[in-house]
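Notes follow the structure.
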Amino acid sequence: MKTIGLISANYQGNRFGELTENRTLASLPYGGRYRLIDFALSNMSNSGITTVGIIAPYNSGSLIDHIGIGTPWSLGRKNGGLFLMPGTVYGVQAEGTRFLLRDLLVNQDFFMRDNADYVIVTASSDVYNMDFRPLIKYHEAGGKPLTMVYTKVPKGEKNIGFFMDIDEDGKVTSIKKEGKGWSNYFMDCFIIDKKFMIDFLQWFKALEHMDMFEIIMSNMDFMEIGAFEFRGYLGKINTAKDLLKVNQDMCDYGVRNEVFCNPERTIYTKTQDEAPAFFMPGSDVRNSIISAGCRIEGTVENSIIFRSVNVGKGAVIRNSVIMMHGDIGDNAVLENVIADKYVKINDGVKIYGGDEDTPIIIGKNQTI
């Protein structure tokens with residue numbers, strides 16, 4: 001059965017400060033060399049899905065610059081390929097909302113003009129490596145028009161989004177916004193029969209201001225919904241705290257190996273050519289990721305350092321994320337900081353008032 005993909009990127013949230021003032025969450029840099037949308041695109045491509053649409057926001061400049069025509073993900077094609085589609089102006093700001101019905105209605109021609117049987121729909125800000133082919137087979141065998149992907153989480157681990165109750169036959173019996181104890185957490189990923197998607201949009205078009213799953217949550221008695229469990233790593237990014245933690249997760253060998261080291265499911269991104277990182281005598285790097293083009297003279301601990309960052313002599317960076325082309329002066333100290341691109345920290349400046357729950361955010365091009 002033919003399957004196409006749709007990625008929702010027209011959502012923002014208000015917990016990232018200056019990091020998302022001029023870019024969508026989907027194009028936030030991640031892991032030293034990637035953007036968050038790379039994971040959704042790579043999962044689609046690695047699963048043999050060759051027609052993918054992206055619902056983009058009004059501030060999609062950085063997103064368009066990054067994805068281009070989709071060549072890194074083998075989506076630069078004459079037949080199918082990558083479709084960049086406009087979302088409604090300003091998208092939606094409500095926490096946890098990912099699939100605004102208005103966005104789907106505006107772009108329903110994407111479904112109608114294709115002869116696909118199924119559509120896999122995902123958010124664009126989650127870090128995980130998943131083969132969608134078992135999901136497609138499970139959905140086809142289950143016979144239900146919609147199958148939601150979930151993962152098991154302990155109480156309190158994920159506090160923004162939807163949780164599901166599932167019966168012994170694998171049917172979703174309820175959807176709610178809170179989980180108790182070990183819970184079934186909706187991963188903002190689902191597969192749906194194309195015909196059912198088109199019908200759904202017509203049934204509920206008067207509720208276009210709502211998230212698709214808020215509508216489903218109130219109409220469970222009239223719908224058959226299946227559930228598919230994902231048992232791998234999920235890096236869910238809803239807040240600046242999540243962004244710092246999920247970046248630091250890449251320092252864990254097991255997580256890094258699962259997400260990036262499967263030869264059959266490579267995570268692709270826009271290629272940037274840089275010289276290897278250079279570590280000066282006296283530098284000290286522990287449990288960190290240092291990207292190409294960096295020059296390290298100071299100390300880096302539990303941190304992610306993106307391309308072409310200079311860390312001066314005597315500088316100390318702990319529990320932080322420093323994005324591309326940063327310049328950290330001699331004897332500067334940064335702790336629990338997320339610094340955007342082209343940030344310059346002058347010699348001797350100390351920034352360590354934040355913590356892991358509330359990291360300090362430094363906006364793009366700032367000099368401190």
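Quick look at the numbers
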quantity: Every pair of residues 6+ apart whose Cβ atoms lie under 9 Å, when the first sits in region 344-368 and is in contact (Cβ under 8 Å) with a residue 24 or more places away in the chain while the second is aromatic (Phe, Trp, Tyr) and assigned to a loop (DSSP other than H, G, I, E, B); calculated: Ile360/Tyr352; Ile361/Phe16; Lys364/Tyr342; Asn365/Tyr342; Gln366/Tyr342
quantity: Listing of strands (runs of 3 or more DSSP E) fully contained in region 158-216 that carry 3 or more residues being among the β-branched types (Val, Ile, Thr); calculated: 172-176
quantity: Selected residue (criterion: nearest to Ile360 (Cα to Cα)) from residues of region 327-349 that are among the charged types (D, E, K, R) and not in a loop (DSSP other than H, G, I, E, B); calculated: Glu335
quantity: Matching entry among Lys245, Lys205, Lys236 (being closer than 17 Å to Leu101 by Cβ, of a type in the set (Lys, Arg) and either surrounded by 13 or more Cβ atoms within 10 Å (Cβ to Cβ) or modelled with pLDDT of 95 or more (or both)); calculated: Lys205
quantity: Condition met for Phe163 (touching a strand residue (DSSP E or B) at 6+ places or on another chain (Cβ under 6 Å) and either crowded, with 20+ Cβ neighbours inside 10 Å or touching a residue at least 60 places away in the same chain (Cβ under 8 Å) (or both)); calculated: no
quantity: Residue tally, condition among the hydrophobic types (A, V, I, L, M, F, W, C) and either in contact with a His (Cβ under 6 Å, 6 or more places away or on another chain) or farther than 24 Å from Val337 by Cβ (or both), over region 260-298; calculated: 4
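Yes/no matrix, rows are residues, columns are (1) in contact with a helix residue (DSSP H, G or I) (Cβ under 6 Å, 6 or more places away or on another chain); (2) part of a strand (DSSP E or B); (3) over 26 Å from Lys241 (Cα atoms); (4) not hydrophobic (A, V, I, L, M, F, W, C):
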residue: Arg265; (1), (2), (3), (4): yes, no, yes, yes
residue: Thr271; (1), (2), (3), (4): no, no, yes, yes
residue: Ala275; (1), (2), (3), (4): no, no, yes, no
residue: Ala292; (1), (2), (3), (4): no, no, no, no
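The values are calculated or read from the model by the stated rules, or taken from the named source; none is laboratory data. Small disclaimer: the values here were computed from a predicted structure and weren't measured. Please note: Cβ atoms are built from the backbone with ideal geometry, for glycine as well, and neighbour counts cover all protein chains shown.
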